[in-house]
Structures are given as structure tokens and as C-alpha cells.
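Participant: Dumping the structure here so I can ask a few things about it.
The values are calculated or read from the model by the stated rules, or taken from the named source; none is laboratory data. For clarity, every value in this text was computed on a predicted model and none was experimentally measured. Every residue, glycine among them, receives a Cβ derived from its backbone with ideal geometry; neighbour counts consider all protein chains shown.
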Amino acid sequence: MKVTLNTSLLVMMAASLTVASCFAADDTGDPNGAPKDKTEKSPKQLVSSSVKASETPIPRIWIGLTGSYTPLGLVQGNSTGNITNANGDVFTSSPANGKVGGGAQINARFYKNFWLCVGAIYRFTGYDAQDEVNDVNGTTNIERARVRLIDFPVLIRYNGRKWNPSKHTFYEAGAALREGIGLKVSTNSIDQVNGELGPGPNTGTTYNHAVKGVVAGGGLIAKDDFGIIVSPEVRYTRWFGDTFSSPVTNSQRNQLEITVSFGF
């Protein structure tokens, strides 16, 4: 009888401990039933803190090298649709687009999640145009133009948690200035009777060395364990003027740009 009583008591104690342990798993207090100290970190907080400690933050100021690609090109030509003036001359043009560019940028965090980004990207472009003169000799005036361009975007970036799907994403907007340097234009005239005639007249394309625009875009940014910052992004620039302008040659005012920056 005594053994039976002790066995029953042990079974009841074991059952009580099992139920208590189940409730204790969901209890916010300590194992002794006392209220949890507010300063004590939960396992979840400890894991979060350890993850944050292992991440490498983006420095307040960083400098990067930027590669750029403009899929739409920088100049639009009219090589398929000829234009004829009142004299019967036929004008055609084809762009000489350098769609790939490169440069550098500097980024500085000036207020909470807002950054100032200033960059310079080098490109080149140009066109090949010709004027088929309506005369008895079949004269053709050929013009070849090449210019180097440097774009100077000045952007404000925001990479805070609000309106962002991830801490690695950012949005940006600002203004840009495009400077054209080193313009080279060569002309040549040829007719069907005498062959090459030497330098010919200008085909009428105007050139503007400075153009302003506005920029908007977004991208990603992260820093790896080696301390290298990687930031791909997409930008849209609306230019308010043309570097080149004529009936058959115009600059691309709606510029789509894909860039990748590597910084430290």
C-alpha cells in the first residue's frame, strides 16, 4: 500500500511538472515566476543583436567607380527615313553611339537616411550625316562629328525603411549637367564627275556644349565581408536641350541608364 501511494505521488508530480513546463515555455517571466526584467534581452533580441553585429555598415562617406550603359543611345539618327528640302537635296544621318561610359562618384550621408551623391560619367557620341545635292554632277556632302561628353549628376538618395521594401534599396532624385568637350567635325564633298572634291559645307547640324536635365532613379546597395560596396541602379534623365540638333540628327532627351558602382 505504501509503495502504491509513492508511485501515484510520483506520477502526479511528473504530470504537474510537464504541464507547468508547457506554460513556462510561453511565459514572459523567468523560470521562477517573477516578472521579466525589462533590461534582460530575450533569445530573439540576442539573435538580432548578433546578426546586426556581424553586418558591415555603409560608411558615412564613400567613394566609388561607376560603369554606365545607355540602351537607348545618346543620339538619334534618321538613316531610314530620308528628308528632302525645297531644293530637292536629300539628307540622311546615322548615330555613332558610345553606349558604355564610366566615371566616379562620392556619397555622403548628411541627415539620418538621406545621402548626397555627386558623380561624373564620361561618354562619347557623334553622328555621320550626308547631303545628296540635287545638281547635275550628283554631289554629296559628307559630315562626320564626334564629341566627348561628361555628365555631372547631383542626387539626393533615401534608403530608410519607410517606403522601402528592403534596407538595401534606395530612391534618388536630382539634377544633372552635361558638358561636351573636344568636338571634332570633318566634312568632305564628292561628285560623280570629279570624284573627291575636298572639304565641303556644313550640313546644318547645331551643337550645344552644355545641357541641363533632371534625374530620378533607384537601386540597391550592400557591403560585403571584404569591405567593398556594390550598388547597381537604374536612372532616368530628362534633358532640356540637345547636344546635336538638325532635321535628321537629334540627341536622346529621354535617357535610360543602367549603372553599377563599386566603392569603399
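Participant: Filter the strands (runs of 3 or more DSSP E) completely within the range 97-201 down to those with at least 3 residues that are hydroxyl-bearing (S, T, Y) and surrounded by 15 or more Cβ atoms within 10 Å (Cβ to Cβ).
Facilitator: 114-132, 169-191
Yes or no, residue by residue, for (1) at pLDDT 95 or above; (2) more than 36 Å from the chain's Cα centre (by Cα):
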residue: Q192; (1), (2): no, yes
residue: G198; (1), (2): no, yes
residue: V211; (1), (2): yes, no
residue: A216; (1), (2): yes, no
residue: I221; (1), (2): no, no
residue: P232; (1), (2): yes, no
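Participant: Looking at the range 121-138, which of the residues that are more than 34 Å from the chain's Cα centre (by Cα) and in contact (Cβ under 8 Å) with a residue 60 or more places away in the chain is nearest to L65 (Cα to Cα)?
Facilitator: Filtering the range 121-138 for residues that are more than 34 Å from the chain's Cα centre (by Cα) and in contact (Cβ under 8 Å) with a residue 60 or more places away in the chain, the one nearest to L65 (Cα to Cα) comes out as Q130.
Participant: Restricting to the range 216-227, name every residue that is surrounded by 20 or more Cβ atoms within 10 Å (Cβ to Cβ) and either hydrophobic (A, V, I, L, M, F, W, C) or not assigned by TED's automatic domain parsing to the domain that holds A175 (or both).
Facilitator: Of everything in the range 216-227, just one residue is surrounded by 20 or more Cβ atoms within 10 Å (Cβ to Cβ) and either hydrophobic (A, V, I, L, M, F, W, C) or not assigned by TED's automatic domain parsing to the domain that holds A175 (or both), namely I221.
Participant: Taking the condition of being part of a loop (DSSP other than H, G, I, E, B) and of a type in the set (V, I, T), how many residues in the range 204-216 meet it?
Facilitator: Result for the range 204-216: 1.
Participant: Only one of V193, V230 is of a type in the set (A, V, I, L, M) and either within 21 Å of T56 (Cβ to Cβ) or outside the structural domain of T92 (by TED's automatic domain parsing) (or both); which?
Facilitator: None of the others qualify; the one that does is V230.
Participant: Would you mind finding the one in F240, F226 that is among the aromatic types (F, W, Y) and touching a residue at least 24 places away in the same chain (Cβ under 8 Å)?
Facilitator: Working: F226 fails: touching a residue at least 24 places away in the same chain (Cβ under 8 Å).
Just one listed residue meets the conditions, F240.
Participant: Scan the range 217-237 and tell me whether some residue there is in a strand (DSSP E or B), hydrophobic (A, V, I, L, M, F, W, C) and under 21 Å from I142 (Cβ atoms). Talk me through it step by step, then tell me what you get.
Facilitator: Keep residues of the range 217-237 that are in a strand (DSSP E or B), which gives 217-220, 222-223, 229-237.
Subsequent filtering for residues that are hydrophobic (A, V, I, L, M, F, W, C) retains 220, 222, 229-230, 234.
Adding the requirement that they be under 21 Å from I142 (Cβ atoms) leaves none.
No: zero hits.
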